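Peer 1: Below you will find the structure I want to go over with you.
We did not get these values from a lab; they are worked out from the coordinates using the rules stated. Note that this is a predicted model, so its numbers are computed, not measured. Note that we place each Cβ from the backbone using ideal geometry, even for glycine, and neighbour counts take in every protein chain shown.
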């Protein structure tokens, strides 16, 4: 697969996880993992870690770390372009996806489940 093919290949949301922990300042820190894949052949997938960041009252979801994937980009001669360039292109592809709303929805679902379990326990 070359860079142009990667950028035009559709990836769909498969799953996102949400975890949380309480900090010493009694704040809740949200983080997790999301996985995206194709429904076409060849089957391609990529996943990455994320965390919820609050800065001056504004919350955003940020990709952290390197993506994990079964995608290898090749040059025009079919040679592997190397790990660093491959990762950069995967990050570029991820940044074109509208992935953040899936994370916010998963956080809201987790909060709702948490509230319900406290109510009905």
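Peer 1: Could you put 103, 73, 28 in order, starting from the residue whose Cβ has the fewest other Cβ atoms within 10 Å? Walk me through the intermediate numbers first.
Peer 2: Details: 103 24, 73 19, 28 10.
With the fewest neighbours first, 103, 73, 28 line up as 28, 73, 103.
Peer 1: Let me ask something else. Taking the chain as the reference, fit the longest principal axis to its C-alpha atoms, fit the long axis of helix 100-119 to the helix C-alpha atoms, and give the angle between the two in degrees, 0 to 90, nearest 10.
Peer 2: It works out to around 30 degrees.
Peer 1: Taking R0 as 22 Å, what's the FRET efficiency between residue 4 and residue 68 from their Cβ-Cβ distance, rounded to 0.05?
Peer 2: Numbers: r = 23 Å, r/R0 = 1.03.
According to the calculation, E is roughly 0.45.
Peer 1: Just check the range 1-40 against the gyration tensor rule for me: Cα atoms, a ≥ b ≥ c as the square roots of the eigenvalues, rounded for a/c under 1.5, and otherwise prolate or oblate depending on whether a/b exceeds b/c. Intermediate results must be reported in sequence, preceding the final value.
Peer 2: On the way: a/c = 6.66, a/b = 3.14, b/c = 2.12.
Taking the square roots of the gyration eigenvalues as a ≥ b ≥ c, the range 1-40 is prolate.
Peer 1: Which value in nm describes the separation of the simple spin-label points at residue 100 and residue 87, placed 7 Å from the Cα toward the beta carbon?
Peer 2: Label-label distance for residue 100 and residue 87, simple model: 2.4 nm.
Peer 1: If one takes the longest principal axis of the Cα atoms in the chain, at what angle in degrees, from 0 to 90 and to the nearest 10, does the Cα axis of helix 83-94 lie?
Peer 2: For helix 83-94, the angle is close to 60 degrees.
Peer 1: Starting from the Kirkwood Rh over alpha-carbon pairs, what translational D in µm² s⁻¹ does the range 3-110 have by Stokes-Einstein at 4 °C and 1.567 mPa s?
Peer 2: Values: Rh = 15.2 Å.
After rounding, the answer is 85 µm²/s.
Peer 1: Each label point is 7 Å from the Cα along the Cα-to-Cβ direction; what then is the distance between the points at residue 51 and residue 38, in nm?
Peer 2: Going from the residue 51 label point to the residue 38 one covers 3.3 nm.
Peer 1: Output the relative contact order of the chain, whole-number percent, from Cα pairs under 8 angstrom with separation of 6+ residues. Numbers along the way, then the final one.
Peer 2: Working: 161 pairs, mean separation 26.7, N = 121.
Relative contact order here is 22 percent.
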